[in-house]
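Here's the structure, in structure tokens; my notes come after.
The values are calculated or read from the model by the stated rules, or taken from the named source; none is laboratory data. Given the structure is predicted, the values throughout are model-derived calculations rather than measurements. Virtual Cβ from ideal backbone geometry, glycine too; neighbours counted across all protein chains shown.
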Amino acid sequence: MKEMKHSIIRSCLIIAVFSMTLKSAGQSTMPEELIKNPLKEQLKYLEERTRIYENYRAIREDMFQRLIANVSDTLLTANNKIAGLNIRTSKLNRTIDSLNNTLESTKSSLEITTRTKNSIRVFGLEVNKFTYNSITWTILAGLLAILGMGFLVFKRNLSVTSDTRKELKVMKEEFETYRKTTREAREKMSMEHFIELKKLKENLQK
């Protein structure tokens, strides 16, 4: 019985509080804090200006509706911002994908250009320029070495030929001198022989 009376009294008090709230709603204007302040400060304002009884908070209906409208507006604004950010993010992702594709294409073109720049075609085969230059310089060095050896051999042969010619000239001169001396000696011997024969004939005739 006491519990029933206590429940009735509590209900009456709640009704009285709500009645006072509704009555004040008809007489009071909307606080400026619920019009201009951010949502967080509006909730703080209501927390400070309203009372709690039996875990119920008494709020004026016009304030409650205003708060609902403010929350809806805030959520709508936030959703619009989120949607805008999602659109912007999507555009940025597409731009990033496009830039990545362009970067990959540029890398591929750069690799081809670098490979082409660093290579040369020889008999239809693509050869690295460094390898080609190394082979070319090696062949050129070999040819220069052969040319140098040929020049040395030619110079040596020229020197030998010159010496041989000099020796041949000396031999010719010696042979000519010998031939002349031999001829003179033969002529002298013939003359002496002729004189001896003449003397012998003269002696025989006597």
Among the residues of region 54-89, write down those that are over 14 Å from Leu43 (Cβ atoms) and not in a helix (DSSP H, G or I). Glu54, Asn55, Tyr56, Ala58, Arg60
The listed residue being of a type in the set (A, V, I, L, M) and at pLDDT 85 or above, out of Ile87, Ile52: Ile87
Identify the residue in region 40-61 that is in contact (Cβ under 8 Å) with a residue 12 or more places away in the chain and within 60 Å of the chain's Cα centre (by Cα) and, among all such residues, is surrounded by the most Cβ atoms within 10 Å (Cβ to Cβ). Gln42
From Leu152, Leu110, Leu143, Leu168, which residue is modelled with pLDDT under 90 and either more than 31 Å from the chain's Cα centre (by Cα) or not in a helix (DSSP H, G or I) (or both)? Leu168
Kindly check whether there is at least one residue in region 89-99 that is out of contact with any helix residue (DSSP H, G or I) (no Cβ under 8 Å at 6 or more places or on another chain) and exposed (fewer than 10 other Cβ atoms within 10 Å of the Cβ). no
